[in-house]
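Chemist: I have a structure here, written as structure tokens, and I will follow up with some questions on it.
The values are calculated or read from the model by the stated rules, or taken from the named source; none is laboratory data. Keep in mind that what you see is a predicted model, and the values were worked out from it rather than measured. Quick reminder, even Gly has a Cβ in these numbers, built from the backbone with ideal geometry, and neighbours come from all protein chains shown. The accessibility values were calculated without ligands, DNA or RNA, using every heavy atom of the protein model including side chains. Shrake-Rupley method; radii C 1.70, N 1.55, O 1.52, S 1.80 Å.
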Amino acid sequence: MEIFKGTTLGSSYDKGGKDSGIKVNKTFLVDIDKIFIEQGFNVRDLDAEHIASIAASYESGQPIPAIVGRVTPSGFKVIDGHHRFEAAKLAGVSRLECKDFHGTDADIVAMMVTSSQGRNLTSVERAKAYQRLKNFGLDSAEIAKKVNRSRADIDSHLLLLSAGDSVISAVASGEIGFSVAVNEIRKSGHAAAEKIESAVSNAKAAGKRKRS
């Protein structure tokens, strides 16, 4: 039995029609100068090392997933693929494979959170993404379902954001672990920030004494 009726998937689809079992999921080649990143839109901070790694893949001709975005009057706005876009510019790529995104603003944030193509989110990035979804009117249970995480995970990350900038900064820099910070916030409430700041200061001082 002949499975494919052509020399390419496209020709097999044309010859086999609906009975071929092949589905079309269109992508388009877009000039790189027609693609743009909206400042502050991405839930991930750009990582130079990650960009350089992808750029090397472009240069060596390895297959790279298409960028996902939305057409706007200003051009094709990147929704998923910010690192790939910057890497393509670094590698001198003139046109990129792109595909349209269809969904709500909440769907966009959820896609950026769950994308398997992006680097892993930090705890602070994940917390801020959950807060964006909350701002769209979703509760913790709805956010959990949208990003395929537990409700406890959602509540813990949102709790981190309630502790203030100094605690968030300490977690972001790795001066204190996410779980340690959240546990202290649960235990000490409004006093948590002061205790965490004190612990971080003491750790820094101990480190300086040890180096001396």
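Chemist: Please count how many residues of region 86-106 are out of contact with any strand residue (DSSP E or B) (no Cβ under 7 Å at 6 or more places or on another chain), part of a helix (DSSP H, G or I) and either open to solvent by 50 Å² or more (accessible area, probe 1.4 Å) or over 19 Å from Ala129 (Cα atoms) (or both).
Modeler: 6
Chemist: Just give me the residues in region 116-131 being open to solvent by less than 70 Å² (accessible area, probe 1.4 Å) and either in contact with a Leu (Cβ under 7 Å, 6 or more places away or on another chain) or part of a helix (DSSP H, G or I) (or both), in sequence order. Explain how you work it out, then say what you get.
Modeler: Step one: list which residues in region 116-131 are open to solvent by less than 70 Å² (accessible area, probe 1.4 Å), which gives 118-119, 121-127, 129-131.
Those that are open to solvent by less than 70 Å² (accessible area, probe 1.4 Å) and either in contact with a Leu (Cβ under 7 Å, 6 or more places away or on another chain) or part of a helix (DSSP H, G or I) (or both): Ser123, Val124, Glu125, Arg126, Ala127, Ala129, Tyr130, Gln131.
Chemist: Taking the conditions exactly as written (modelled with pLDDT of 95 or more, surrounded by 14 or more Cβ atoms within 10 Å (Cβ to Cβ), among the β-branched types (Val, Ile, Thr) and within 27 Å of Ala48 (Cα to Cα)), does Val113 satisfy them or not? Show your work before the answer.
Modeler: Numbers: modelled with pLDDT of 95 or more: no; surrounded by 14 or more Cβ atoms within 10 Å (Cβ to Cβ): yes; among the β-branched types (Val, Ile, Thr): yes; within 27 Å of Ala48 (Cα to Cα): yes.
Considered against the rule, which asks whether it is modelled with pLDDT of 95 or more, surrounded by 14 or more Cβ atoms within 10 Å (Cβ to Cβ), among the β-branched types (Val, Ile, Thr) and within 27 Å of Ala48 (Cα to Cα), Val113 comes out as no.
Chemist: Leu46 is checked against (1) in a loop (DSSP other than H, G, I, E, B); (2) open to solvent by less than 40 Å² (accessible area, probe 1.4 Å); (3) of a type in the set (A, V, I, L, M) and fails just one. What number does that condition carry?
Modeler: The number of the failed condition is (2).
Chemist: Can you name the number of the only condition in (1) outside any helix (DSSP H, G or I); (2) modelled with pLDDT of 90 or more; (3) open to solvent by 70 Å² or more (accessible area, probe 1.4 Å); (4) not hydroxyl-bearing (Ser, Thr, Tyr) that Glu175 fails?
Modeler: (2)
Chemist: Could you please find all residues in region 142-172 being open to solvent by 70 Å² or more (accessible area, probe 1.4 Å) and polar (S, T, N, Q)?
Modeler: Asn148, Ser162
Listed here are the residues, each with its yes/no results for (1) of a type in the set (A, V, I, L, M, F, W, C); (2) assigned to a helix (DSSP H, G or I); (3) out of contact with any strand residue (DSSP E or B) (no Cβ under 6 Å at 6 or more places or on another chain).
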| site | (1), (2), (3) |
| --- | --- |
| Leu29 | yes, no, no |
| Asp33 | no, yes, yes |
| Phe41 | yes, no, yes |
| Ser53 | no, yes, yes |
| Tyr58 | no, yes, yes |
| Gly61 | no, no, yes |
| Val78 | yes, no, no |
| His83 | no, yes, yes |
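Chemist: So, in region 132-141, exactly how many residues are surrounded by 16 or more Cβ atoms within 10 Å (Cβ to Cβ) and assigned to a helix (DSSP H, G or I)?
Modeler: The qualifying residues number 4.
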